[in-house]
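A quick write-up on the structure given underneath.
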Amino acid sequence: MEQRFCQSCGMPLVELFLAAFAMAQERNYISICGKTKTSIKWTEEHKSSNTNLSISLNNGIYSISGKFNGKQISKTVKSKGKPWYQNIAYNAGLTLKNGRSVEYECFRPDNIKLYTMSAAKKENEKLDGKNAVRIEVSLTGFMSAFWSCDYYFDTSSLMFVGYKGVNGGPGTPETKISVAR
C-alpha cells in the first residue's frame with residue numbers, strides 16, 4: 001500500500017474511497033483525512049450530473065474547484081472553526097470514543113453548501129443482532145428539529161456497522177444500511 005503525506009503538515013494521510021449508488025446513478029467520493037481523522041480534501045465524481053469537483057481545506061479556508069452540475073465552479077468558503085468530517089461514518093465512532101458529542105462541518109453534496117452538524121452518542125443498541133453504539137447526527141440549532149439520522153458503530157472496534165435515516169423530503173421511506181460480515 002502506498003503511503004501518502006500531507007503537503008502542508010507532513011502527516012500521513014488516510015484515503016477513503018466510497019462508491020455510492022443512488023437511484024442507479026453512480027457517485028464516487030474520495031475523502032482524504034489527516035492523522036486526527038478530520039478531512040483535508042474531498043472529491044466527488046457524478047457522471048450523470050456532469051459533476052467532478054474537489055474541496056480542500058487549508059488555514060481555515062475551503063477551496064472548491066471543478067465542475068458542479070455541468071457548470072465550472074471556483075470559489076472559497078471560510079470555515080466556521082469546527083472540525084471537517086465530510087464522511088462522519090468513517091470517524092464518529094473513534095471521535096466520540098471518550099466524549100458524548102461533537103459539532104463538525106461538512107458540505108452537502110447536492111448543493112455544495114457548508115453546514116454545521118452535531119453528532120451525539122446515544123445508548124448502545126442491537127443492530128441486526130450485533131451490539132452497536134448509536135450516534136445521532138443532526139443539523140444544529142432550530143434546524144435540528146427537521147432532520148436527523150443514526151449511525152451505528154461496533155462497540156469494541158468502533159468501526160461503522162450501520163445507518164438509519166430518511167434521505168429526502170416528507171414521505172421518503174427510511175434508508176437502512178448494514179455492513180455484512
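The values are calculated or read from the model by the stated rules, or taken from the named source; none is laboratory data. Given the structure is predicted, the values throughout are model-derived calculations rather than measurements. Neighbour counts run over all protein chains shown; Cβ positions are idealised from the backbone, glycine included.
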Next on the checklist: Tally up the residues in segment 95-114 that are closer than 19 Å to residue 31 by Cβ, among the charged types (D, E, K, R) and in a loop (DSSP other than H, G, I, E, B), please.
Outcome noted: 3
Item to check | Exclusive hit being surrounded by fewer than 17 Cβ atoms within 10 Å (Cβ to Cβ), outside any loop (DSSP other than H, G, I, E, B) and either touching a Leu at 6+ places or on another chain (Cβ under 6 Å) or modelled with pLDDT under 50 (or both), set 26, 15 | outcome: 15
Checklist outcome for this item: Expected single match for at pLDDT 80 or above and in a loop (DSSP other than H, G, I, E, B) among 72, 3, 7, 86 is 86
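Residue-by-condition table, conditions (1) among the small types (Gly, Ala, Ser); (2) in contact with a Gly (Cβ under 6 Å, 6 or more places away or on another chain); (3) more than 23 Å from residue 148 (Cα to Cα):
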position: 77; (1), (2), (3): no, no, yes
position: 88; (1), (2), (3): no, no, no
position: 97; (1), (2), (3): no, no, no
position: 122; (1), (2), (3): no, no, no
position: 125; (1), (2), (3): no, no, no
position: 132; (1), (2), (3): yes, no, no
position: 135; (1), (2), (3): no, no, no
Next on the checklist: Let me confirm something: among 172, 116, which residue is under 22 Å from residue 39 (Cβ atoms) and β-branched (Val, Ile, Thr)?
Outcome noted: 116
Checklist entry - Going through segment 52-89 one residue at a time, which ones are under 19 Å from the mean Cα position of the chain (by Cα) and on the phi > 0 side of the Ramachandran plot? => result 60, 81
Item to check | Subset of segment 113-162 that is crowded, with 19+ Cβ neighbours inside 10 Å and touching a residue at least 40 places away in the same chain (Cβ under 8 Å) - its residue that is farthest from residue 42 (Cα to Cα) | outcome: 127
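Let's see how each residue does on (1) assigned to a loop (DSSP other than H, G, I, E, B); (2) touching a Leu at 6+ places or on another chain (Cβ under 9 Å):
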site	(1), (2)
119	no, yes
136	no, no
142	no, no
169	yes, no
Item to check | Given (1) over 22 Å from residue 158 (Cα atoms); (2) among the charged types (D, E, K, R); (3) at pLDDT below 90; (4) assigned to a loop (DSSP other than H, G, I, E, B), number of the condition residue 80 does not satisfy | outcome: (3)
Checklist entry - Does residue 92 fit the bill of being small (Gly, Ala, Ser), surrounded by 13 or more Cβ atoms within 10 Å (Cβ to Cβ), in a helix (DSSP H, G or I) and under 12 Å from the mean Cα position of the chain (by Cα)? => result yes
